[in-house]
Amino acid sequence: MKNFLFENIWILSHKDQRARAIQFHAHKNLVVGRNHTGKSSLIKTLFRTLGARPQGELAQWDDNTISVVAFLIDQKRFRVIHQNGHRALFNEFGDLLIATSNHDEWTEAFARAVGFNLVLTDKKSESVPADPRCFFLPFYINQDGSWQANWDTFSGLQQYRAPIGAILEYFSGIKPPQYYELDSKRTQSQRALEDLQKEQRFLEKVRERFGKSVSLFGPKIQPDNFEQEIARLTAEVTELNRQQEKLRDNAIREQEVLSNIQLQIHLAVDALTTYESDSSYLRNEPREKLTCPTCGAEHAESFLEFLNYAEDARVLRELVARLRGDATKAAEQYRKTQTQLHALESNYQRVTDILGIRRGELKFGDVVNSMGAESAFSAFEVESAALKLDIDQRLSEIETLTSQLKELTNAKRSKEILKSFREAYASALISLNLPPIETDKLRLTSRPDLSGSGGPRSILAYYGALWLTCLGKYASFSIPLVIDSPNQQGQDDINLPRVLKFIANDLPTGTQIIVGTEMETDYIFDKKILCDQPYKFLQDNELIEVREVIEPLAKMMYDELQQRS
């Protein structure tokens, strides 16, 4: 499992001449402060710096603020600097890896640094790499958008088509990073196979056209070429035999179907002829009233109507019409099969003519002409054999990769992951003082939509279950869990302590947690970050220290951007 950790953040505003430097603990961090003291500004700036813009604007915030975030991924340290859409990435030795103002370029650089290889579909139905918003989405509860029923954590996710399911499957292990790595290899192999097959078809066309102008079936000077010609002719005859056998079987079956339909038509027409005779008799002969032998009641209806004779005749006429249509189709298919058989016969004749070439005395001109054709023949065979070998190798690769992909996404694995999520969700509901619900049919995307003060607690229970699942047996990443302002919808004095207890004690152990809250708590956190002045999260006394960190990185970024422009 790859472990992602926030280490430090440095924030500098030249306009306000203030700055702030914060170091995060590897485990539980509590950001405490009343409204407008900068809790959300700190958290949002973390994600903005890394290319994931959260929903919600920052009040009285300098848009040209420069920020640097240091993070660890598998003990490799990176630093990212950001200012007004410009970003640069530095490795642990301080080397500049990329400086860019282009979101796609930044997405590629970030994904390469952290090993994030999820692929999504955009609005144009094209496959595109997932960006940093997708990387952090399941692990961040934003006070401006995440506490409701929709996934409004970050701005701009609408560029993707239905991304949530794919993101959750990726981090939960239903379709882990290995799946996308193998799927990418399979796609490359399939494209290579298509190119080889196109080349093979082109080679066959060239050989066919060449054979029409220069015979490839003259005398052979080299024994190997003669053997190759015999082998190819034998393969061609074998294929012709296979096709002929298949077409003959089809022709027999189609003839039987046609004969059967014609027999049914004949029987139905005979039945209609009988009906016409009988109905004529019934219409013309005098009819007596029908008397019930039990009660003696007399009925005026005719004998013909009692038997529904006319209805039977109508059904027969419709049947005859439908059968005649079927017979026409069957006859047409039979004719097509016969045409294909005749075409095979012409191919047989061509091969027979080749094999029947008189092996008499050769003229000098025949030998000379044959030498050029023979060289071409040899070249075609060599190229064809090489292509076939490459195609077989690609087919084998695709088969192996497909088998590995099925193993990664087998039903047993998915069922186990969903079971873990459902059990964690049911447990979290109890911990957060919510009524139990039926969880048997819940999916990873089954985000709750509960009104009132229970709504935020149900959302927290859902995220808690997601986090336990995404950090469970099949997880590939450990990403910090960030919760901004859990006191939503006016939690009372009974439920707010439950919320804080759940965050402090029930979230996955060993994971970095950053919580922004308006009030102190007695629950133990490893580090407490105080925000105590409204609209003054940045400090005057930290300006020099933060400048020393930020300005050299900013210079390197802008120098690189200027060189690229």
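The values are calculated or read from the model by the stated rules, or taken from the named source; none is laboratory data. Note that the structure is predicted; figures quoted are calculated from it, not measured. Methodologically, a virtual Cβ is constructed for each residue, glycine included, from the backbone with ideal geometry; neighbour enumeration extends over all protein chains shown. In case anyone asks, the SASA skips ligands and DNA or RNA and just uses the protein heavy atoms, side chains included. Shrake-Rupley method; radii C 1.70, N 1.55, O 1.52, S 1.80 Å.
Here is a yes/no grid of residues against (1) among the small types (Gly, Ala, Ser); (2) at pLDDT 80 or above; (3) over 14 Å from Asp326 (Cβ atoms); (4) assigned to a helix (DSSP H, G or I):
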residue: Glu256; (1), (2), (3), (4): no, yes, no, yes
residue: Ala268; (1), (2), (3), (4): yes, no, no, yes
residue: Asp278; (1), (2), (3), (4): no, no, yes, yes
residue: Tyr281; (1), (2), (3), (4): no, no, yes, yes
residue: Pro293; (1), (2), (3), (4): no, no, yes, no
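Please specify each residue of the stretch 171-207 satisfying the condition of being more than 30 Å from Ala411 (Cβ to Cβ) and acidic (Asp, Glu). Walk me through how you get there before you give the answer.
Going through the stretch 171-207, the residues more than 30 Å from Ala411 (Cβ to Cβ) turn out to be 192, 194-207.
Listed by number, the residues that qualify are Glu194, Asp195, Glu199, Glu204.
Taking the residues in the stretch 521-552 that are more than 46 Å from the chain's Cα centre (by Cα) and of a type in the set (S, T, N, Q) as candidates, determine which candidate is surrounded by the fewest Cβ atoms within 10 Å (Cβ to Cβ).
Applying the filter and picking the extreme gives Asn541.
Tell me, yes or no, whether the stretch 4-22 has at least one residue that is touching a residue at least 60 places away in the same chain (Cβ under 8 Å), open to solvent by less than 30 Å² (accessible area, probe 1.4 Å) and within 29 Å of the chain's Cα centre (by Cα).
Yes, there is a match, as at least one residue in the stretch 4-22 is touching a residue at least 60 places away in the same chain (Cβ under 8 Å), open to solvent by less than 30 Å² (accessible area, probe 1.4 Å) and within 29 Å of the chain's Cα centre (by Cα).
Within the stretch 45-63, identify whether any single residue is under 23 Å from Met519 (Cα atoms) and free of Cβ contacts under 8 Å to residues at least 12 places away in the same chain, and answer yes or no.
The answer is yes, given that some residue of the stretch 45-63 is under 23 Å from Met519 (Cα atoms) and free of Cβ contacts under 8 Å to residues at least 12 places away in the same chain.
When the stretch 442-469 is examined, which residues are found to be of a type in the set (D, E, K, R) and in contact with a strand residue (DSSP E or B) (Cβ under 8 Å, 6 or more places away or on another chain)?
First pass over the stretch 442-469, keeping only residues of a type in the set (D, E, K, R): 443, 447, 449, 457.
None - no residue of the stretch 442-469 is of a type in the set (D, E, K, R) and in contact with a strand residue (DSSP E or B) (Cβ under 8 Å, 6 or more places away or on another chain), so the list stays empty.
Go through the stretch 409-437 and count every residue that is of a type outside the set (Phe, Trp, Tyr) and under 29 Å from the mean Cα position of the chain (by Cα). Steps first, answer last, please.
Here is the first cut: in the stretch 409-437, the residues of a type outside the set (Phe, Trp, Tyr) are 409-420, 422-424, 426-437.
Of the ones still in play, those that are also under 29 Å from the mean Cα position of the chain (by Cα) are 409-420, 422-424.
Qualifying residue count for the region: 15.
Do the conditions hold for Gln83, that is, is it open to solvent by 60 Å² or more (accessible area, probe 1.4 Å) and over 20 Å from Pro138 (Cα atoms)? So that I can check it myself, show each step before the final result.
Values: open to solvent by 60 Å² or more (accessible area, probe 1.4 Å): no; over 20 Å from Pro138 (Cα atoms): yes.
Judged against the criteria, Gln83 is not a match.
Can you name the residue in the stretch 23-63 that is of a type in the set (Phe, Trp, Tyr) and under 18 Å from Gly85 (Cβ atoms) and, of all such residues, is least open to solvent (accessible area, probe 1.4 Å)? Give the steps one after another, and end with the answer.
Taking the stretch 23-63 first, the residues of a type in the set (Phe, Trp, Tyr) are 24, 47, 61.
Okay, now just the ones that are also under 18 Å from Gly85 (Cβ atoms), so 47, 61.
Numbers: Phe47: 3, Trp61: 48 Å².
So the residue we want is Phe47.
Can you name the condition, by its number, that Ile459 falls short on among (1) part of a helix (DSSP H, G or I); (2) touching a helix residue (DSSP H, G or I) at 6+ places or on another chain (Cβ under 8 Å)?
(2)
Got a sec? Which of Ala162, Ala192 is in contact with a helix residue (DSSP H, G or I) (Cβ under 8 Å, 6 or more places away or on another chain) and either within 26 Å of Leu46 (Cβ to Cβ) or among the small types (Gly, Ala, Ser) (or both)? Full working, then the answer.
Numbers: Ala162 fails: in contact with a helix residue (DSSP H, G or I) (Cβ under 8 Å, 6 or more places away or on another chain).
Exactly one of Ala162, Ala192 is in contact with a helix residue (DSSP H, G or I) (Cβ under 8 Å, 6 or more places away or on another chain) and either within 26 Å of Leu46 (Cβ to Cβ) or among the small types (Gly, Ala, Ser) (or both), namely Ala192.
For the stretch 441-484, name all the residues that are open to solvent by 40 Å² or more (accessible area, probe 1.4 Å) and more than 25 Å from the chain's Cα centre (by Cα).
Residues of the stretch 441-484 open to solvent by 40 Å² or more (accessible area, probe 1.4 Å): 441, 443, 445, 449-453, 468, 473-474.
Residues satisfying the conditions are Asp449, Leu450, Ser451, Gly452, Ser453.
Considering (1) without any contact (Cβ under 8 Å) to a residue 12 or more places away in the chain; (2) closer than 26 Å to Lys185 by Cβ, say which one Asn102 fails and leave the rest.
Failing condition for Asn102: (2).
If you check Thr509 against the conditions, is it closer than 28 Å to Gly173 by Cβ, β-branched (Val, Ile, Thr) and open to solvent by 70 Å² or more (accessible area, probe 1.4 Å)? So that I can check it myself, show each step before the final result.
On the way: closer than 28 Å to Gly173 by Cβ: yes; β-branched (Val, Ile, Thr): yes; open to solvent by 70 Å² or more (accessible area, probe 1.4 Å): yes.
Here the answer is yes, as Thr509 does meet what is asked.
Mind listing whichever residues of the stretch 553-565 are assigned to a helix (DSSP H, G or I) and either more than 42 Å from the chain's Cα centre (by Cα) or over 17 Å from Leu12 (Cα atoms) (or both)?
To start, the set of residues in the stretch 553-565 that are assigned to a helix (DSSP H, G or I) comprises 553-564.
The answer is Asp559, Glu560, Leu561, Gln562, Gln563, Arg564.
Picking from Ile494, Ile503, which residue would you name as being out of contact with any His (no Cβ under 6 Å at 6 or more places or on another chain), over 16 Å from Thr65 (Cα atoms), open to solvent by 20 Å² or more (accessible area, probe 1.4 Å) and at pLDDT below 95? Spell out how you get there, then give the answer.
Working: Ile503 fails: open to solvent by 20 Å² or more (accessible area, probe 1.4 Å).
Answer to the selection: Ile494.
Within the stretch 1-57, track down each residue that is part of a strand (DSSP E or B) and among the hydroxyl-bearing types (Ser, Thr, Tyr). Show your work before the answer.
Of the residues in the stretch 1-57, the ones part of a strand (DSSP E or B) are 2-13, 18-23, 28-32, 54.
Answer for the stretch 1-57, where residues must be part of a strand (DSSP E or B) and among the hydroxyl-bearing types (Ser, Thr, Tyr): just Ser13.
Per-residue answers, yes or no, for (1) surrounded by fewer than 18 Cβ atoms within 10 Å (Cβ to Cβ); (2) within 18 Å of Phe135 (Cβ to Cβ); (3) within 12 Å of the chain's Cα centre (by Cα):
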{"residue": "Thr153", "(1), (2), (3)": "no, yes, no"}
{"residue": "Ala162", "(1), (2), (3)": "yes, yes, yes"}
{"residue": "Gly165", "(1), (2), (3)": "yes, yes, yes"}
{"residue": "Phe202", "(1), (2), (3)": "yes, no, no"}
{"residue": "Val206", "(1), (2), (3)": "yes, no, no"}
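Looking only at residues in the stretch 88-134 that are among the acidic types (Asp, Glu) and surrounded by 14 or more Cβ atoms within 10 Å (Cβ to Cβ), which one is farthest from Gln562 (Cα to Cα)? Can you show your working first?
First pass over the stretch 88-134, keeping only residues among the acidic types (Asp, Glu): 92, 95, 104-105, 108, 122, 126, 131.
Imposing the further condition that a residue be surrounded by 14 or more Cβ atoms within 10 Å (Cβ to Cβ) reduces the set to 108, 131.
Working: Glu108: 21, Asp131: 25 Å.
That would be Asp131.
All but one of (1) open to solvent by 50 Å² or more (accessible area, probe 1.4 Å); (2) within 30 Å of Ser346 (Cα to Cα); (3) modelled with pLDDT of 65 or more hold for Asn260; state the number of the condition that does not hold.
Of the numbered conditions (1) open to solvent by 50 Å² or more (accessible area, probe 1.4 Å); (2) within 30 Å of Ser346 (Cα to Cα); (3) modelled with pLDDT of 65 or more, the odd one out for Asn260 is (2).
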